[in-house]
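The numbers here are math on the coordinates, done by the rules we state, and not lab data. All values reported here derive from a predicted model rather than from experimental measurement. Here Cβ is always computed from backbone atoms with ideal geometry, including for glycine, and neighbour counts include all displayed protein chains.
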Amino acid sequence: MKYFILAGLFFISASILYSARYITSGMISLIENSVGGQLSSPQTLPLLIWSIILVVLGVLSIFIGFFRKD
């Protein structure tokens, strides 16, 4: 059971990071439109990479939970 809870936490964390990627991009474009200039684009690729890693860890936790039967 603890592996399924851990997998849920991984999936929730991944969804938060993935949505933070779009929120960051949206806020930058909103500020660019209001200022009228070009701002340096933030690096959102690390957020995507970490969310993919968390999804993989979540899937591994589900498999471990099925095999260990805890």
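What the table shows:
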{"item": "Top-ranked residue in the range 60-70 [being surrounded by fewer than 13 Cβ atoms within 10 Å (Cβ to Cβ) and in contact with a helix residue (DSSP H, G or I) (Cβ under 8 Å, 6 or more places away or on another chain); ranked as nearest to Met1 (Cα to Cα)]", "result": "Asp70"}
{"item": "Candidate set: the range 1-47, residues that are in contact with a helix residue (DSSP H, G or I) (Cβ under 6 Å, 6 or more places away or on another chain) and of a type in the set (S, T, N, Q); chosen: the one farthest from Phe63 (Cα to Cα)", "result": "Thr44"}
{"item": "Residue pairs meeting the criteria (Cβ under 7 Å; at least 6 apart or on separate chains; first in contact (Cβ under 8 Å) with a residue 24 or more places away in the chain, in the range 16-41; second part of a helix (DSSP H, G or I) and of a type in the set (S, T, N, Q))", "result": "Leu17/Ser51; Tyr18/Ser51"}
{"item": "Whichever residue in the range 1-55 is part of a helix (DSSP H, G or I), of a type in the set (Ser, Thr, Tyr) and more than 17 Å from the chain's Cα centre (by Cα) and, among such residues, is nearest to Gly65 (Cα to Cα)", "result": "Tyr3"}
